[in-house]
Each structure stands twice: as structure tokens, then as C-alpha cells.
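K.L.:
Can you read through this structure? Questions will come right after.
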Amino acid sequence: MKNYFIHETAIIDDGCKIGDNSKIWHFSHIMCSAEIGNNCTIGQNVMIGKGVIIGNNVKIQNNVSVFEGVICEDGVFLGPSMVFTNVINPRAFIERKDEFRSTLVKSGATIGANATILCGHTIGKFALIGAGSVVTSDIPDFALVVGNPARQIGWVSERGCRLYFDKNGYAICPESNQKYRLTANKVEKIG
């Protein structure tokens, strides 16, 4: 029994796994051996490549291509028209499928609209990539990055609120009142 929604214009290749309560909207294409978790929303005109793994509760907005080699853990948000790559030096006349580099987007991370993620990097847990940013390196957990190339300008909570650390390295999320600690340029949620 099918426990998910697929719009009539979507194309779903054989061999895909689609989790319960997920929704796949207009003109999207899910390629063979892709895995989509439970409670995901796949927007209009999205392509999910062969072998891609999408966790639970992931939201992929319109016009996003998730190429082979990308893994999105639970709770990831991919903004409209953001871009992944999977080859570092593509050429139309050279086959480089054996040179694909993996990209890992960890739990709770947000990638803003029109951002570009160059392959071979990890986006940390609950990191927030600003709209239009170009990520060319690994991004730490809870980092707030913007620009081209993306540079870190601060830290955010799990809820995406800007964190301001006191002289002892502690901050409180203004929405959740959750406490965070900054030590050796790493943020962790405490208590």
C-alpha cells in the first residue's frame, strides 16, 4: 500500500524508496535507487539523482537538483533553486563519473535560496547557509555563513536564531531559551 503522494506529472524511476507521508510535487524526477525518508516534501521541478539519500522530515523547495553523491540527513531544508555539484572540474567532452565527490548535509542544516554547494564538503548540523552563498569548504555545526565564497559571520541555534556569546562562551537562544557553549571555535548545545 502506497503511504505517500506523487503528483501525476512527477516521474519516479523503478527502484526508488519513498517513505511514509512524503509528498512529491509537479514535474519532479526521482531517479533509480534514490531513497527519500518519511514526512519529506519534494517541491516542483526537483531532480533527485541516482543513489541520493534523503533523510526524514526534509524539505526541498522548487527547482533544486540533488545530484548523485549527495546525502541529506534528517530535518534538512534546501531553499529554492539552490545548487549542488558533484564533479570538481566538469567538461562536456570528458566522462568523469568515476570522479564524483560526495557532499554531506548534516541534520537540521538549512541552505538558502540560490546558494551553491561545491562538491566534496560537509555542511554541519544546524548550520545556516545564507541565500546566494557559494560554499567552497566544510561548514561547522551551528555556523552562519554568507557570501561568495561563503565566510562565517556568526553562530545560530537549532531554531536558526543568531547566538551572541558572552565573555565566558555561553549564549541562549532567544526563541527556545536553550543554552549553548562556544569552546575552541565549536558550538555545542548544553543542559
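The values are calculated or read from the model by the stated rules, or taken from the named source; none is laboratory data. Keep in mind that this is a model prediction, so the values were computed, not measured. A quick note on method: Cβ atoms are made from the backbone with ideal geometry, for glycine too, and the neighbour counts reach across all protein chains shown.
Residues checked against (1) basic (Lys, Arg); (2) under 23 Å from Val52 (Cα atoms):
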position	(1), (2)
Leu78	no, yes
Phe84	no, yes
Leu104	no, yes
Ile117	no, yes
Ile123	no, yes
Gly160	no, no
Tyr164	no, no
Cys173	no, no
Lys189	yes, no
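K.L.:
Name the one entry in Lys97, Lys125 that is within 26 Å of Ile42 (Cβ to Cβ) and touching a Lys or Arg at 6+ places or on another chain (Cβ under 6 Å).
P.N.:
So the residue among Lys97, Lys125 that is within 26 Å of Ile42 (Cβ to Cβ) and touching a Lys or Arg at 6+ places or on another chain (Cβ under 6 Å) is Lys125.
K.L.:
For the stretch 172-187, which positions are outside any loop (DSSP other than H, G, I, E, B) and closer than 25 Å to Ala115 by Cβ?
P.N.:
Of everything in the stretch 172-187, those that are outside any loop (DSSP other than H, G, I, E, B) and closer than 25 Å to Ala115 by Cβ turn out to be Tyr180, Leu182, Lys186, Val187.
K.L.:
State whether one or more residues within the stretch 79-96 are of a type in the set (Phe, Trp, Tyr), surrounded by fewer than 17 Cβ atoms within 10 Å (Cβ to Cβ), out of contact with any strand residue (DSSP E or B) (no Cβ under 8 Å at 6 or more places or on another chain) and over 24 Å from Tyr180 (Cβ atoms).
P.N.:
Checked against the condition, which is being of a type in the set (Phe, Trp, Tyr), surrounded by fewer than 17 Cβ atoms within 10 Å (Cβ to Cβ), out of contact with any strand residue (DSSP E or B) (no Cβ under 8 Å at 6 or more places or on another chain) and over 24 Å from Tyr180 (Cβ atoms), the stretch 79-96 yields at least one hit.
K.L.:
Out of the stretch 82-119, which residues are part of a loop (DSSP other than H, G, I, E, B), among the aliphatic types (A, V, I, L, M) and without any contact (Cβ under 8 Å) to a residue 12 or more places away in the chain?
P.N.:
Selection gives Ala92 alone.
K.L.:
With respect to Ile88, determine if the residue is modelled with pLDDT under 95 and hydrophobic (A, V, I, L, M, F, W, C).
P.N.:
Answer is yes for this residue.
K.L.:
Quick one: in the stretch 1-41, of everything that is in contact with a strand residue (DSSP E or B) (Cβ under 6 Å, 6 or more places away or on another chain) and under 19 Å from Asn86 (Cβ atoms), which residue is surrounded by the most Cβ atoms within 10 Å (Cβ to Cβ)?
P.N.:
Ile30
K.L.:
A further question follows. Got at least one residue in the stretch 127-148 being over 23 Å from Asp74 (Cα atoms), of a type outside the set (Lys, Arg) and surrounded by fewer than 16 Cβ atoms within 10 Å (Cβ to Cβ)?
P.N.:
Within the stretch 127-148 (the criterion being over 23 Å from Asp74 (Cα atoms), of a type outside the set (Lys, Arg) and surrounded by fewer than 16 Cβ atoms within 10 Å (Cβ to Cβ)), the answer is yes, since at least one residue qualifies.
K.L.:
Based on this model, can you work out whether Val70 counts as closer than 20 Å to Phe126 by Cβ, among the β-branched types (Val, Ile, Thr), surrounded by 15 or more Cβ atoms within 10 Å (Cβ to Cβ) and modelled with pLDDT of 95 or more?
P.N.:
The answer is yes for Val70.
K.L.:
What number of residues within the stretch 32-81 are without any contact (Cβ under 8 Å) to a residue 24 or more places away in the chain, of a type in the set (Val, Ile, Thr), assigned to a strand (DSSP E or B) and over 17 Å from Gly19 (Cα atoms)?
P.N.:
Residues in the stretch 32-81 being without any contact (Cβ under 8 Å) to a residue 24 or more places away in the chain, of a type in the set (Val, Ile, Thr), assigned to a strand (DSSP E or B) and over 17 Å from Gly19 (Cα atoms): 1 in total.
K.L.:
Of all residues in the stretch 148-165 being touching a residue at least 24 places away in the same chain (Cβ under 8 Å) and part of a strand (DSSP E or B), which is nearest to Asp138 (Cα to Cα)?
P.N.:
If we take residues in the stretch 148-165 being touching a residue at least 24 places away in the same chain (Cβ under 8 Å) and part of a strand (DSSP E or B), then Trp155 is nearest to Asp138 (Cα to Cα).
K.L.:
Here is a further query. From the set of residues in the stretch 166-188 that are without any contact (Cβ under 8 Å) to a residue 12 or more places away in the chain and at positive phi, which is surrounded by the fewest Cβ atoms within 10 Å (Cβ to Cβ)?
P.N.:
If we take residues in the stretch 166-188 being without any contact (Cβ under 8 Å) to a residue 12 or more places away in the chain and at positive phi, then Ala184 is surrounded by the fewest Cβ atoms within 10 Å (Cβ to Cβ).
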